[in-house]
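The values are calculated or read from the model by the stated rules, or taken from the named source; none is laboratory data. Everything quoted here is computed from the prediction, not taken from an experiment. Accessible surface is based on the protein model in full, side chains and every heavy atom, while ligands, DNA and RNA are left aside. Shrake-Rupley method; radii C 1.70, N 1.55, O 1.52, S 1.80 Å.
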Amino acid sequence: MRVKVTLLFMTSIVMFVVGIGGFMIIYIAGQDLLPKTYVYEPKKGAKVEKFTEITADKFELLFDEKEVLQAVITPTMITPNNKNQVVNKTMVQTLHPGDFLTLNYVGETIFAPKKGEKEYPIPASWWEVLDWTGRNGDTGDLWLFPSEKLKQSQAAKVNSNTQTKMLGFPEVLDQVMDTPERPLTKPVFENVRLRYIMDSSNKTVKNQKGVDDRSEGTAKPTEAKIYLKSEEYAVLKMAVQEGYKLIYAVNGE
């Protein structure tokens with residue numbers, strides 16, 4: 001009787017070990033049989049910094065492939081099948097070692113700020129011309145234009161100069177001098193990018209459907225949001241306070 005119990009116990013132990021071993025073999029083999037794909041992480045443990053532009057040539061220099069199970073892939077993760085969705089875009093936040101590249105890390109280059117830039121709203125009262133043709137993502141030049149109030153103020157200062165009158169110089173009616181700080185014969189800032197062009201209802205101004213002329217918008221522009229560095233914005237704000245207005249000239253028009 002004791003022999004039979006011992007034999008049964010030993011048989012149970014063997015079956016348990018065989019069962020565990022079989023499970024592990026199936027588990028390991030099953031892992032290998034499950035579908036896998038590649039995702040992307042920073043190259044060799046480095047960071048991919050914010051403001052980095054991802055071109056086709058730079059992609060392989062910035063990212064390494066890492067094989068993962070297909071089951072862990074989320075809709076926003078970048079794989080070889082959708083890599084083109086981040087090419088020619090810009091990082092809008094830093095990708096750290098160990099993190100995988102997703103669509104949340106990138107933005108359209110024309111809408112993404114460059115290092116040191118911020119998005120500044122420019123109110124309608126700052127513009128000399130409102131019927132312009134700028135659209136979201138455009139690049140253009142900013143010009144200063146002396147307002148009538150500034151011209152009159154300048155003329156009053158010149159005409160009140162008694163020495164000028166005594167020397168017999170004619171009165172100056174509307175002359176505003178061109179200076180390096182307030183240039184009038186060249187743009188004050190070049191290649192300024194438009195983030196948004198808004199109308200009075202705070203909606204984006206777009207082209208009219210079926211109309212090639214961009215001056216025919218869906219609404220009249222009232223406010224623009226443009227990318228500037230803080231010191232550039234300070235220059236514009238001070239110029240407006242002095243009586244200058246702004247004109248935006250879209251590149252290529």
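Quick notes
- Exposure rank, largest accessible area first [Phe189, Phe63; 1.4 Å]: Phe189, Phe63
- Built amide H within the under 5 Å cut-off of Gly134, gap 5+: none
- Amide H contacts of Val106 (H built 1.01 Å from N, under 5 Å, at least 5 apart or other chain): Val92
- Share of carbon and sulfur in the accessible heavy-atom surface of the stretch 90-142 [1.4 Å probe, %]: 52 percent
- Between Glu128 and Lys115, the contour length at 0.36 nm per residue exceeds the Cα-Cα span by 1.8 nm.
- Pairs exceeding a 21 Å alpha-carbon distance, out of Lys115/Lys220; Lys149/Lys237; Lys47/Lys89; Lys151/Lys186; Lys220/Lys245; Lys50/Lys89: Lys115/Lys220.
- Karplus-derived 3J(HN,Hα), 6.51/-1.76/1.60, for each residue of the stretch 219-232, Hz, glycine and proline x: 7, 7, x, 10, 9, 10, 10, 10, 8, 9, 7, 4, 5, 5
- For Lys50, nonlocal amide neighbours, meaning residues 5 or more places apart or on other chains whose placed amide H falls under 5 Å from its own, are Thr94, Leu95.
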